[in-house]
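Engineer: Attaching a single structure in structure tokens format; questions to follow.
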Amino acid sequence: MKWENNRESDQIEDRRDQGGMGMGGLGGGGRRVGGRGLGLGTIAIALVAGWIFGINPMTILGALSGAGDVMSPAPVETSQPSTPAQAPTDEMGRFVASVLGGTEDVWDQVFQQAGAQYQKPRLVLFRGATPTACGTGQSAMGPFYCPADQRVYIDLSFYDTLRRQLGAPGDFAQAYVIAHEVGHHVQNLMGITDQMEKLRSRLSEREYNAMSVRLELQADCFAGLWAHHNQKSRAILEPGDVEEALNAAAAIGDDALQRKSQGQVVPDSFTHGTSIQRQRWFNAGLQTGSVQACDTFKAKTL
């Protein structure tokens, strides 16, 4: 992946030098469920977002619920570090900043073309654990998005897990992970995240899981959309990059993870989609670059 000469985002908070925080010293671990949206996450904006993005507003307002790598607001108050973090200077930190900068450029353009303004998320690099507005963020959770503070959180050790334990190496696989989490931020701005939290109590666990799959597959499609537009504007792709992303999507499919961890697959418990589904929806965004093509909630088949 060609990233070294691209614009780096200034929305990075590097907390790695602040040290990992003990698991017992922080309360209010966030649930990995759909979270409460802020700012644009209102019914009115959801309706507007449905119109400008060509997605049926009733899809947003009446049919969404789910879970995933999104943490809900914590029931207890948590504190954020008071000292401003410096921009990363190491190669891995700069890579993350470059990928985030690419997502900003893409979504800025997409929102502007729709007559709206994109609100950039912050991305927090941490080690071990860190306080968030959704509770304690921990490395074991993997990368996640907190809608309550509009931040993406990543412990970069996850990339070692992705490479060594899941068999998904490559810098473009790592970029796909970031773009997927930014996709959850876009869902938050569109009002989808907020509506999911409101509707969650109305659904059975099976229904809730099924809608969660659609949420996650849409974020995969948004990651593909990022790749599509960054390739057009920056020519970031090198031979093998797309295969890296598709391999990562397959490695973190629910069926693959369940088969690896417990030796059997339980489809009713899926929350992110199968390997094939995750590959299919990433590729849909990659091939079309279209928000409308990423409406997993209208899709008859996934």
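Engineer: Which pairs turn up if I take residues in the range 148-170 that are free of Cβ contacts under 8 Å to residues at least 60 places away in the same chain and look for partners that are surrounded by 21 or more Cβ atoms within 10 Å (Cβ to Cβ) and hydroxyl-bearing (S, T, Y) with beta carbon separation below 6 Å, at least 6 apart in sequence or on another chain?
Structural biologist: Sorted first by the residue in the range 148-170, then by its partner, the pairs are V152/Y145.
Engineer: I've got another one for you. Of the residues R259, R234, R278, which is charged (D, E, K, R), out of contact with any Cys (no Cβ under 6 Å at 6 or more places or on another chain) and closer than 15 Å to V106 by Cβ?
Structural biologist: Numbers: R259 fails: closer than 15 Å to V106 by Cβ; R278 fails: closer than 15 Å to V106 by Cβ.
Unique residue meeting the criteria: R234.
Engineer: Being β-branched (V, I, T) and either in a helix (DSSP H, G or I) or in contact with a helix residue (DSSP H, G or I) (Cβ under 6 Å, 6 or more places away or on another chain) (or both) is the filter here, so list the residues in the range 102-136 that pass it.
Structural biologist: T103, V106, V110
Conditions tested, residue by residue: (1) more than 20 Å from E216 (Cβ to Cβ); (2) of a type outside the set (A, V, I, L, M, F, W, C).
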| position | (1), (2) |
| --- | --- |
| G115 | yes, yes |
| R127 | yes, yes |
| F144 | no, no |
| A148 | no, no |
| Y159 | no, yes |
| L162 | no, no |
| A168 | no, no |
| D171 | yes, yes |
| A175 | no, no |
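Engineer: Select from the range 184-202 the residues that are out of contact with any Gly (no Cβ under 9 Å at 6 or more places or on another chain) and either at pLDDT 95 or above or not basic (K, R) (or both) and list them in ascending order.
Structural biologist: If the condition is that a residue be out of contact with any Gly (no Cβ under 9 Å at 6 or more places or on another chain) and either at pLDDT 95 or above or not basic (K, R) (or both), then H185, V186, S201 are the ones that fit.
Engineer: Residue under question is I276, and the condition is that it be surrounded by fewer than 22 Cβ atoms within 10 Å (Cβ to Cβ), among the aliphatic types (A, V, I, L, M) and either without any contact (Cβ under 8 Å) to a residue 24 or more places away in the chain or within 18 Å of Y176 (Cα to Cα) (or both); does it hold?
Structural biologist: On the way: surrounded by fewer than 22 Cβ atoms within 10 Å (Cβ to Cβ): yes; among the aliphatic types (A, V, I, L, M): yes; either without any contact (Cβ under 8 Å) to a residue 24 or more places away in the chain or within 18 Å of Y176 (Cα to Cα) (or both): yes.
So I276 fits the description; yes.
Engineer: Something else now. Give the residue, chosen from L162, L125, that is among the hydrophobic types (A, V, I, L, M, F, W, C) and either in contact with a His (Cβ under 9 Å, 6 or more places away or on another chain) or modelled with pLDDT under 95 (or both).
Structural biologist: Sole residue among the options that is among the hydrophobic types (A, V, I, L, M, F, W, C) and either in contact with a His (Cβ under 9 Å, 6 or more places away or on another chain) or modelled with pLDDT under 95 (or both): L162.
Engineer: Cβ-Cβ distance below 6 Å, separation of 6 or more or different chains: which pairs start in the range 127-138 with a residue that is without any contact (Cβ under 8 Å) to a residue 60 or more places away in the chain and end on one that is surrounded by fewer than 22 Cβ atoms within 10 Å (Cβ to Cβ)?
Structural biologist: none
Engineer: Evaluate the following for K260: is it among the basic types (K, R), at pLDDT below 95 and in a loop (DSSP other than H, G, I, E, B)?
Structural biologist: For K260, the condition - among the basic types (K, R), at pLDDT below 95 and in a loop (DSSP other than H, G, I, E, B) - is not met.
The values are calculated or read from the model by the stated rules, or taken from the named source; none is laboratory data. Note that the structure is predicted; figures quoted are calculated from it, not measured. Here the Cβ is made from the backbone with ideal geometry for all residues, glycine too, and neighbour counts use every protein chain on show.
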